[in-house]
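Q: Structure in structure tokens, see below.
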Amino acid sequence: MTISCVPPSSSPARPSRIPVDLGPRSYEILIQDGLLDRIGHELKRLGTNPEAIIISNPMVKRLYGTRVLKSLKAEGFRAAIITVPDGERAKSMKWLNTILDELVARRSERNTCLIALGGGVVGDLAGLAASTYLRGTPLVQVPTTLVAQVDSSIGGKTGVNHRLGKNLIGTFYQPRMVLIDPLVLKTLPVREYRAGLAEVIKYGAITDKEFFEFLEQHISLVLEQESQSLHRVLHTSCSIKALVVSADEREGDRRRILNFGHTMGHALETVTGYRRYKHGEAVAIGMIAASELSVELGLSDDSVPRRIRALVRECNLPTEMPNCPPGTLIRAMRQDKKVKDQQIYFVLPTEIGQVTVMPVQDSQIRACLNIARSSPRPAGSPRLARAGRNT
């Protein structure tokens, strides 16, 4: 699957629109500079209740809360903000209950719209609240981080963390709309922006060789947030995510390719208590580990991990596996929601732009982790036993 890297031209008054085709649950992703000030206008088109509740965190509320409230109130909405903490600690049953308590106290009705204004944490938490309050209330995603704009706001995954693993409690619940304003990324901390690029690299690695090559050639402009390059990144990434989700809404088969780098990445986040790595940083390490494992299993040549590692390094993202005991990481992987029939599944690249999904044995994971921490594998050295293949 190859997506054009060039977004359709749009005037300042007309956002780029990407459809997510899910039958009666279909919606659009809108991308436009300055879209934050048009939220009220776009929300009015949905025909929801004139009450809107914004879920956000203190930093995003300070930066953009007033603008969003102004836009909503200009279109006749009664609007309020519920604030949750920054970071992964907000993804908990405690803060889910806090949101639900506030909605009950306000006597919010079933057609009240919840607006997730923030990054992936806010989006996941607000989405879960919307999916459970009165058995479902409208949700609009307004992502303000790169990782949320290209990934977590699209596709309907919601959730909170459990002490034993990431995102173990959640639902599939599609938003009514995703509104992306690229200009909000200007206020995103550099580390957060770079972490989001891991998900962007993922899209090229799993489905689109041309897009991966575009990133290799233009990553300096993307890092600078040059307007045309950034719009290409957003449009292409969102288009790929939309197509994959449209083909497989609930992660039955095709959608699993979006987990490239996440099996190891989620384990790293869990064993380090969500304090050492940003999500994208852990995914970056996970993509390199998975691509190296693919070489060891004889599924690809070593140009694949070499190119992925080089692009990750250009983004100033971590490339090296931390000194965690293999057994600890494997136990964390076994708590992952993607485990099936007690087998750990990896998304493994066979070449840039193509992947396969297959179960990997504990012994193979251990061997690969040991190789990753030692000197590079000498040319011609024996590879690991190849596991059964499941595409």
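Q: I need a count of the residues in the range 139-168 that are in a helix (DSSP H, G or I) and in contact with a strand residue (DSSP E or B) (Cβ under 6 Å, 6 or more places away or on another chain).
A: From the range 139-168, those in a helix (DSSP H, G or I) are 146-152; that's our starting set.
Next, only the ones that are in contact with a strand residue (DSSP E or B) (Cβ under 6 Å, 6 or more places away or on another chain) stay: 149.
The number of residues fulfilling the criteria is 1.
Q: How many residues does the range 17-29 contain that are part of a strand (DSSP E or B) and surrounded by fewer than 20 Cβ atoms within 10 Å (Cβ to Cβ)?
A: 3
Q: Only one of (1) out of contact with any helix residue (DSSP H, G or I) (no Cβ under 6 Å at 6 or more places or on another chain); (2) surrounded by fewer than 20 Cβ atoms within 10 Å (Cβ to Cβ); (3) farther than 20 Å from E28 by Cα is not met by F172, so which one is it?
A: Checking F172 against (1) out of contact with any helix residue (DSSP H, G or I) (no Cβ under 6 Å at 6 or more places or on another chain); (2) surrounded by fewer than 20 Cβ atoms within 10 Å (Cβ to Cβ); (3) farther than 20 Å from E28 by Cα, the one that fails is (3).
Q: Restricting the range 119-137 to residues that are among the small types (G, A, S) and part of a helix (DSSP H, G or I), which is surrounded by the fewest Cβ atoms within 10 Å (Cβ to Cβ)?
A: Restricting to residues being among the small types (G, A, S) and part of a helix (DSSP H, G or I), the top hit is S131.
Q: Considering only the range 320-349, how many residues are within 30 Å of E210 (Cβ to Cβ) and surrounded by fewer than 16 Cβ atoms within 10 Å (Cβ to Cβ)?
A: 1
Q: If F212 passes every condition in (1) closer than 17 Å to G118 by Cβ; (2) more than 13 Å from the chain's Cα centre (by Cα); (3) not charged (D, E, K, R) but one, which one does it miss?
A: Among (1) closer than 17 Å to G118 by Cβ; (2) more than 13 Å from the chain's Cα centre (by Cα); (3) not charged (D, E, K, R), F212 violates only (1).
Q: Just checking, how many residues over the range 261-304 are crowded, with 24+ Cβ neighbours inside 10 Å and free of Cβ contacts under 8 Å to residues at least 24 places away in the same chain?
A: Residues meeting the conditions: 2.
Q: Output the residues belonging to the range 79-95 that are in a loop (DSSP other than H, G, I, E, B), surrounded by fewer than 19 Cβ atoms within 10 Å (Cβ to Cβ) and not hydroxyl-bearing (S, T, Y).
A: Answer for the range 79-95, where residues must be in a loop (DSSP other than H, G, I, E, B), surrounded by fewer than 19 Cβ atoms within 10 Å (Cβ to Cβ) and not hydroxyl-bearing (S, T, Y): P85, D86, G87.
Q: Against the condition outside any helix (DSSP H, G or I) and of a type outside the set (D, E, K, R), how does S294 come out, does it pass?
A: On the way: outside any helix (DSSP H, G or I): no; of a type outside the set (D, E, K, R): yes.
Against the criterion (outside any helix (DSSP H, G or I) and of a type outside the set (D, E, K, R)), S294 does not qualify.
Q: Here's another thing I want to ask about it. Anything in the range 271-288 that is in a helix (DSSP H, G or I) and under 19 Å from the mean Cα position of the chain (by Cα)? List them, or say none.
A: Answer for the range 271-288, where residues must be in a helix (DSSP H, G or I) and under 19 Å from the mean Cα position of the chain (by Cα): H279, G280, E281, A282, V283, A284, I285, G286, M287, I288.
Q: Report every pair of residues separated by at least 6 positions or lying on different chains whose Cβ atoms are under 9 Å apart, first residue within the range 28-41 and over 20 Å from D151 (Cβ atoms), second buried (at least 20 other Cβ atoms within 10 Å of the Cβ) and of a type in the set (V, I, T).
A: D37/V68; I39/V68; I39/I115; I39/V140; I39/V142; G40/V68
Throughout, read-outs are computed from the coordinates displayed, never taken from laboratory work. Note that the structure is a prediction, hence the values are computed from the model and not measured. Note that each Cβ is placed from the backbone with ideal geometry, even for glycine, and that neighbours are counted across all protein chains shown.
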